Amino acid sequence: MVENYGASALAKRLGVTRYPVILVNDVLVATPKDFGFYGKGEGQGEGRYAPIRSASSQERFRKDLARVIELLVEGRRADAAAAARKEETGEVAAFPAVALTDLEGRPVSREDLAGRPVLVEFWATWCPPCRGTLGWLGELQKRHGDRLAVLAVALESDEADVRRVASQTGAPLRWAMGTPDVARAFGDVSAMPTLLLFDARGRSAGSFLGAPPGLHAEVEGKLAPLLK
């Protein structure tokens, strides 16, 4: 496979717009923020492999990369993707105590969402794959009604553009503006779309990176038992 800088179908599918990016097949292992390269609106700080010149950072990168390669060689793609996602998102154990307000001015809190499964979609207006995921999530919300909560948190986006997308999709989601602090609270989300699933008690039940072909079936398979 040849991936052209700035014109990569795989990068677009994973919601990646900046480089360097490390991929093994179609598994996203590392993004610019992992190496300490933060873009506009992404906050600032050290990445998990920064400073890359240090021996400890290089060793951690080699270890994480080798683990993903090992799992893929064994034919365990799902496990490889899960291992990469765990490093990417920080794998939060439960819905964090964050202060969010939706676009209608209503507060969104862990207590407000308690008692039902919650899907949190991190997306951006510049991310083409996010549009399809938002539409599908809107259909999920319509299908399950009040038994499910779906929160769409926009990162690296202007509020006017977010409102326009919300209006265009017509999806009955809780739309909110995210910040670097919110992204860090949910495990330092670095790529979009990133979808996090929590059970009715607020415990983490799954994380999903990008928009691979099997995303809908995988998420709905994990969601079904939580709705019973």
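The values are calculated or read from the model by the stated rules, or taken from the named source; none is laboratory data. As the structure is a prediction and not an experimental result, all values here were calculated from the model. For neighbour counting, all protein chains shown are included, and Cβ atoms are generated from backbone atoms with ideal geometry for every residue, glycine included. The accessibility values were calculated without ligands, DNA or RNA, using every heavy atom of the protein model including side chains. Shrake-Rupley method; radii C 1.70, N 1.55, O 1.52, S 1.80 Å.
Of note:
- Relative contact order, percent, the range 95-228 [alpha-carbon distance under 8 Å, six or more residues apart]: 32 percent
- Accessible area (Å², per residue) of the range 112-228, counting only protein heavy atoms and a probe of 1.4 Å: 40 Å²
- Calculated log₁₀ intensity ratio I(q)/I(0) where the Debye formula runs over C-alpha points of the chain, q = 0.11, 0.15, 0.17 Å⁻¹: -0.54, -1.02, -1.31
- With every protein chain in place, the range 83-168: carbon and sulfur % of accessible area (1.4 Å): 47 percent
- The chain: angle of helix 128-144 to the longest principal axis, Cα-based, in degrees nearest 10: 40 degrees
- Rounded to 0.05, the FRET efficiency of the Arg147 and Ser56 pair, given R0 = 41 Å and the Cβ-Cβ distance, is 0.35.
- Exposure rank, largest accessible area first [Ser57, Ser204; 1.4 Å]: Ser204, Ser57
- A Förster radius of 25 Å combined with the Cβ-Cβ distance from Lys12 to Glu139 puts the calculated FRET efficiency at roughly 0.65.
- Mean separation of Cα pairs under 8 Å and 6 or more residues apart, divided by the residue count, gives the chain a relative contact order of 23 percent.
- Counted residue by residue at 0.36 nm each, then reduced by the alpha carbon distance between them, the extension gain from Arg76 to Arg116 reaches 11.3 nm.
- With a Förster radius of 30 Å applied to the beta-carbon distance between Glu104 and Ala224, the computed FRET efficiency rounds to 0.55.
- Working from Cα pairs under 8 Å separated by at least six residues, relative contact order for the range 120-165 is 57 percent.
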